[in-house]
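Written out below as structure tokens is the structure these notes cover.
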Amino acid sequence: MSASTFVLVLDLLGTFVFALSGALVGVNKKLDLFGVLVLSFAAGNAGGITRDLLLGATPPPAISSWHYVVVSLGAGLLTFVWSPVVQRMQELISIIDAAGLALFAVSGATKAMDFHLNPLAAIMLGVLTGIGGGMLRDVLVSEVPTVLHADLYAVAALAGAAVVVGSYYLPLFTTTASLAGGVLCFAIRMIAIRRDWQLPKPHQPRDKNQPSPS
């Protein structure tokens, strides 16, 4: 499999998974069909579009190739039709979101390295690809983006992207490194959710109007 085909496969998988997460949020917010499809397309493509614009890969495949549109809207329709089942599976959103994060962090870093970016820039672009769709999804439903407060969200993408970038300087197959990076990203995110791992937050002074703990 060529490098371009490999990135395309990762991109489409990530697009589908993140589109599912966007549609799931839309269903839970009780949006109509159009709203669900907008969220599915935004969540599935925002990260990849941002990455491609920064790389100068224009027009971005997400808007120039029918594959991305069909995959995104197909995921949205699938979720909308099965909405009664979806609404009983709240935990599914976190799992699907973590999978999308892993796929996009890996594909973003891989494409950045194919464009000969330096390692640090490639890692950061992998992170941006991973978090972009989720950020736009959350903004569209008036929520604080998950990446700004969730348990090790961007850190998980950073770890996965770093594994991929590191493989370019080690005797590792791209497929093997991508699998390892994706699994690492997904594992960190899911463990953080289960164990409530978080980065340090600023100390908040106690409200004087609240009674002191006994």
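Summary table below
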read-out: Single unsatisfied condition, Val155 versus (1) within 17 Å of the chain's Cα centre (by Cα); (2) under 14 Å from Leu103 (Cβ atoms); value: (2)
read-out: Residue match in the range 194-201 (condition: of a type in the set (Phe, Trp, Tyr) and either open to solvent by less than 20 Å² (accessible area, probe 1.4 Å) or modelled with pLDDT under 85 (or both)); value: yes
read-out: Residue list for the range 134-173, filter: open to solvent by 60 Å² or more (accessible area, probe 1.4 Å) and either more than 30 Å from Asp32 (Cα to Cα) or in a loop (DSSP other than H, G, I, E, B) (or both); value: Ser142, Glu143, Val144, His149, Leu158, Tyr168, Tyr169, Leu170, Pro171, Leu172, Phe173
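Residues checked against (1) assigned to a helix (DSSP H, G or I); (2) among the small types (Gly, Ala, Ser); (3) in contact (Cβ under 8 Å) with a residue 24 or more places away in the chain:
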| position | (1), (2), (3) |
| --- | --- |
| Leu125 | yes, no, yes |
| Gly130 | yes, yes, yes |
| Gly181 | yes, yes, yes |
| Phe186 | yes, no, yes |
| Gln198 | no, no, yes |
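The values are calculated or read from the model by the stated rules, or taken from the named source; none is laboratory data. Since this is a predicted model, take the numbers as computed values, not measurements. Quick reminder, even Gly has a Cβ in these numbers, built from the backbone with ideal geometry, and neighbours come from all protein chains shown. SASA here: full protein model, heavy atoms, side chains in, ligands and nucleic acids out. Shrake-Rupley method; radii C 1.70, N 1.55, O 1.52, S 1.80 Å.
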